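What follows is one structure encoded as structure tokens, with my remarks underneath.
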Amino acid sequence: PPKNVLVIGAGGGVDVLSALHNGAQHVTGVEINSIILDSVKNRYADFAGHLYQDPRVDIHNDEGRHFLKSDGRKYDVIQLSGVDTFAASQAGAFALHENYLYTVEALHDYLDALEPGGMLTFTRWLYIPPRQTIRLVAMVDQAFRERGAKDPSKHLVIFCMQRYSVVLVKNDEFTQADVSRIQDEVQRRGFELIYAPYVRVNPPSLASQWGEKNPFYTIWDQGPDAFVAGYPFDIRPSVDDRPFFFEYQRWTRPVGPITENTVFVLFQKENAQLVLLGTLAFSALAAGAMLLLGRRRAKQQGLRLGPPAYVYFAA
């Protein structure tokens, strides 16, 4: 059981409650949305069991990385469980905005705040073919290479539950004993192991969709750089200068790989290129209509709109 846990994106408190349930002595929660915190602390305090008033819990209204930079404490576990909302992803909104919680530099901040032997955990959507989860693997590889790790593949374990993946990142290498314990626990809880060092797995439920080659092993077999370059989606590690973790479509293939199981939908969710092109098309139509109305109004008033006027308003 960890002594100190940090939950980034505490929200309604499910991860805070889980940490306490599993023996954490102290839980620090960081939540950027003050309305959520007020709801849990006050309006729905009885429903939430007065969780945020628990003396073992310390809640901060702050942004995750900013809090880490100003905090200075060390933690046994840092947890980020889907720190975003599914509602916005339906419109492709995430693909078009920056997210600084999921970058290589952010990984360095998290790992620097861990105690020796500490664990960092991410919960993400498990898409087929993998996107968010496999990009996290590429990011972990780059971060540990920058930290001088001998074998970044030994700092990772991934398992899945239904449509979610859980990525465990340890600042020390996982040992064979660690992996054995995780395998037993994953099996006991009815989850599926996707990747771990020292073993080779390919869950039947996923193998039926991505084939005999488990991509979470293939990335290490081929080498992360070569794998990322040849992958059908753009899974280059997100960095602070390009913090678009949720944008993984390529301009050369803006609707992703087409397979016999793929339903071609023009405006796929999380497809920034098509959202941008669609926005441009609708803007052009609206601007064109306004230009025609303006031309008509100008004629009525005896004015003449020359080419410069059309160029100006087209811009």
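The values are calculated or read from the model by the stated rules, or taken from the named source; none is laboratory data. Since we're looking at a predicted model, the values are computed, not measured. Virtual Cβ from ideal backbone geometry, glycine too; neighbours counted across all protein chains shown. Please note that ligands, DNA and RNA were not included when accessible areas were found on the heavy atoms of the full protein model with its side chains. Shrake-Rupley method; radii C 1.70, N 1.55, O 1.52, S 1.80 Å.
Points worth noting:
- A single entry from Ala95, Ala91, Ala48, Ala106 fulfils the requirement of being of a type in the set (A, V, I, L, M), assigned to a helix (DSSP H, G or I), over 23 Å from Lys3 (Cβ atoms) and at pLDDT below 95: Ala95.
- Listed conditions (1) touching a His at 6+ places or on another chain (Cβ under 6 Å); (2) exposed (fewer than 15 other Cβ atoms within 10 Å of the Cβ) are all met by His50, apart from (1).
- Asn61 vs. criteria at negative phi and in contact with an Asp or Glu (Cβ under 8 Å, 6 or more places away or on another chain): yes
- For beta carbons closer than 8 Å, sequence separation of 6+ or different chains, a first residue in the range 67-95 that is of a type in the set (D, E, K, R) and a second that is at pLDDT below 70 and surrounded by 15 or more Cβ atoms within 10 Å (Cβ to Cβ), the qualifying pairs are Asp84/Phe94.
- Among the residues of the range 116-123, not a single one is over 24 Å from Val16 (Cα atoms) and surrounded by 13 or more Cβ atoms within 10 Å (Cβ to Cβ).
- When Val179, Val167, Val199, Val186 are checked against the criterion of being open to solvent by less than 70 Å² (accessible area, probe 1.4 Å), within 17 Å of Tyr102 (Cα to Cα), out of contact with any Gly (no Cβ under 7 Å at 6 or more places or on another chain) and at pLDDT 95 or above, a single residue qualifies: Val167.
- Pro232 meets each of the listed conditions (1) modelled with pLDDT of 95 or more; (2) open to solvent by 30 Å² or more (accessible area, probe 1.4 Å); (3) of a type outside the set (Gly, Ala, Ser) apart from (1).
- Within the range 273-315, the set of residues being outside any helix (DSSP H, G or I), open to solvent by 50 Å² or more (accessible area, probe 1.4 Å) and either in contact (Cβ under 8 Å) with a residue 60 or more places away in the chain or more than 30 Å from Thr252 (Cβ to Cβ) (or both) comprises Gln301, Gly302, Leu303, Arg304, Leu305.
- The set of residues from the range 153-175 being among the hydrophobic types (A, V, I, L, M, F, W, C), over 13 Å from Ile194 (Cβ atoms) and touching a Lys or Arg at 6+ places or on another chain (Cβ under 9 Å) comprises just one member, Phe174.
- Selection of first residues in the range 41-53 that are closer than 11 Å to Ala10 by Cβ and of second residues that are in a loop (DSSP other than H, G, I, E, B) and open to solvent by less than 100 Å² (accessible area, probe 1.4 Å), restricted to Cβ pairs under 9 Å at least 6 apart or on distinct chains, gives the following pairs, ordered by first then second residue: Leu51/Gly12; Leu51/Gly13; Leu51/Ala45; Tyr52/Ala10; Tyr52/Gly13; Tyr52/Ala45.
- Of residues in the range 2-45 being farther than 21 Å from Asp71 by Cβ and part of a loop (DSSP other than H, G, I, E, B), the one most open to solvent (accessible area, probe 1.4 Å): Tyr44
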